[in-house]
Amino acid sequence: MRVIVTTSDTYLWALRPLAFLMDRYWRHQRVVVGGFSEPEFETPFEFHSIGKMDDYPINKWSDALIKLLLDIPDEVVLLMLEDMWPVRTVNREAIKILYDYMQQFEYVAKIDLCADRLYAHGMRDYGHAGCLDLVISMPGSPYHLSLMPGLWRKEHLLKALVPGETPWEVELNGTVRLSHDRDVIVLGTRQWPLKVTLAFRGGDFGKLLLDDLDKADVEAMKEKGLLDPWKSE
């Protein structure tokens, strides 16, 4: 299983704190970064260029994601954005169980790995996978197509995507499209295998949201200059 992280030239710096926290809480996990220009600093991640960033302005964010998904052969991927930083040890065993579950049941479009679907309106219990309690997201519930970290069956995600949308439109308009596909379901768990913080909102990296991070991690990253987007050392 590969983790696919999307980014852009503007936010390449966010890969450095992400790498630091991955080393702390998700070591040796294979990560492929889908972006435009390859970072000039070293990271432990593989890099896959989608093309030139100028060809994919924010209103064509979905075009870039579609291109990335088509470039990747994996049937099931763990998709997350560059500012979704892990805050505690990731439950690898739980994610492996859910990955195998998706391989078995091809009608599962997504399994949310955080608590996004657990607290969604109209959520219901939906059996179990191994020791994990599954919940089902009701079609039409807010952010039924959420970009919070989750396992996606690529073919179902591609059906819900259309060109010419921002990431916010993907979540809002994509929710409607995915909700109309009654041949697939979206699941989550009560166990929260992957807990992350959203480091910044709306592109404002001047206001990092670090309250959910361990204070020692924050101090270590500050000392290394990892939280300053204008430094690469």
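For the range 45-61, the condition holds for at least one residue, the condition being that it is touching a Pro at 6+ places or on another chain (Cβ under 6 Å) and either under 20 Å from I95 (Cβ atoms) or not in a loop (DSSP other than H, G, I, E, B) (or both).
Taken over the range 48-61, the criterion of being closer than 21 Å to A199 by Cβ and either in contact (Cβ under 8 Å) with a residue 60 or more places away in the chain or buried (at least 18 other Cβ atoms within 10 Å of the Cβ) (or both) is satisfied by I58, W61. Residues in the range 62-86 that are in a loop (DSSP other than H, G, I, E, B) and surrounded by fewer than 19 Cβ atoms within 10 Å (Cβ to Cβ): I72, P73, D74, E75. In a residue-by-residue description of the range 7-15, the property of being touching a Lys or Arg at 6+ places or on another chain (Cβ under 7 Å), assigned to a helix (DSSP H, G or I) and either under 22 Å from P163 (Cβ atoms) or in contact (Cβ under 8 Å) with a residue 12 or more places away in the chain (or both) applies to no position. Among residues of the range 16-44 being among the charged types (D, E, K, R) and outside any helix (DSSP H, G or I), the one that is farthest from R153 (Cα to Cα) is E40.
Output yes when any residue across the range 165-188 is basic (K, R), surrounded by fewer than 22 Cβ atoms within 10 Å (Cβ to Cβ) and at pLDDT below 95, and no when none is. Among the residues of the range 165-188, at least one is basic (K, R), surrounded by fewer than 22 Cβ atoms within 10 Å (Cβ to Cβ) and at pLDDT below 95, which makes the answer yes. Of all residues in the range 105-130, those satisfying the criterion of being closer than 26 Å to W85 by Cβ and part of a loop (DSSP other than H, G, I, E, B) are L113, C114, A115, D116, R117, L118, Y119, A120, M123.
So that you can scan it fast, the table gives a plain yes or no per residue for (1) closer than 23 Å to L78 by Cβ; (2) of a type in the set (F, W, Y):
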{"position": "S141", "(1), (2)": "yes, no"}
{"position": "V176", "(1), (2)": "no, no"}
{"position": "W192", "(1), (2)": "yes, yes"}
{"position": "K207", "(1), (2)": "no, no"}
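Scanning the range 101-157 for residues that are of a type in the set (F, W, Y) and touching an Asp or Glu at 6+ places or on another chain (Cβ under 8 Å) yields Y107, Y143.
The values are calculated or read from the model by the stated rules, or taken from the named source; none is laboratory data. Keep in mind the model is a prediction, meaning the values are calculated, not measured. Every residue, glycine as well, gets a Cβ built from its backbone with ideal geometry; the counts of neighbours run over all protein chains shown.
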